[in-house]
Amino acid sequence: MDTKPAEMSVRELRADLADVINAASTRGQVTFVTSRGRRVAGVVSVAAAEQAAAVGDQADGDAGTAVMFAVNLAMMLDRGGTPSLTPAECFEQYASDLVREFGGSAERALAAARAVIAGSAGKSGYPTLWMQAALAVELCQRAAEITGPELPGAYRPGSRAGVGIRR
């Protein structure tokens, strides 16, 4: 497989379409198609396209899971937590449970957060849905932090993502 993707204009693609398709299917060559200097499409193998679609489907499913966790957590926090756990401990418990749901993968947690954000774009007129989406994103971020990697841009006090950043 060629490691460096090719880039060609729509006009060049028309002239060499058969060769581009052959390179994608036999060598896994990725070719970006440009129009007026901007990338507008890509020619990839079927395997690459199916893999990309599967990742997107998984992220959407994980986003739904994160939102449901957030809804349950929001209801619990509205009640003031549980008799044995503070609201902060409830948040940590839900984030830990989310880590298990995502198989301990920080990448899945962050992909789910991006999918939650993308799915919330059309819901600007519904403040409750936005609050649930924001909580779902926070849960996903905390789940990713629990797995160990340092994440850029954390804002929560005590977050491992802020370690080493001068303020």
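The values are calculated or read from the model by the stated rules, or taken from the named source; none is laboratory data. Note that the structure is predicted; figures quoted are calculated from it, not measured. Glycine gets a Cβ as well: all are built from the backbone with ideal geometry, and neighbour counts include every protein chain shown.
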On the basis of being among the polar types (S, T, N, Q) and under 21 Å from L129 (Cβ atoms), does N72 make the cut? yes
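Take the residues in segment 7-31 that are touching a strand residue (DSSP E or B) at 6+ places or on another chain (Cβ under 8 Å) and surrounded by fewer than 16 Cβ atoms within 10 Å (Cβ to Cβ), then tell me which one is farthest from A52 (Cα to Cα).
Step by step, filter segment 7-31, then rank; the result is D16.
Results for (1) within 17 Å of L135 (Cβ to Cβ); (2) in the same structural domain as Q141 (by TED's automatic domain parsing); (3) hydrophobic (A, V, I, L, M, F, W, C); (4) exposed (fewer than 15 other Cβ atoms within 10 Å of the Cβ), shown as yes or no for each residue.
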{"position": "A63", "(1), (2), (3), (4)": "yes, yes, yes, no"}
{"position": "G81", "(1), (2), (3), (4)": "yes, yes, no, no"}
{"position": "A88", "(1), (2), (3), (4)": "yes, yes, yes, yes"}
{"position": "G104", "(1), (2), (3), (4)": "no, yes, no, yes"}
{"position": "A109", "(1), (2), (3), (4)": "yes, yes, yes, no"}
Could you name every one of the helices (runs of 4 or more DSSP H) located completely within segment 14-132 that has at least 2 residues being over 15 Å from the mean Cα position of the chain (by Cα) and in contact (Cβ under 8 Å) with a residue 12 or more places away in the chain? 46-78, 87-101
Which residue out of A136, A161, A154, A88 is small (G, A, S), farther than 30 Å from V30 by Cβ and modelled with pLDDT of 90 or more? A136
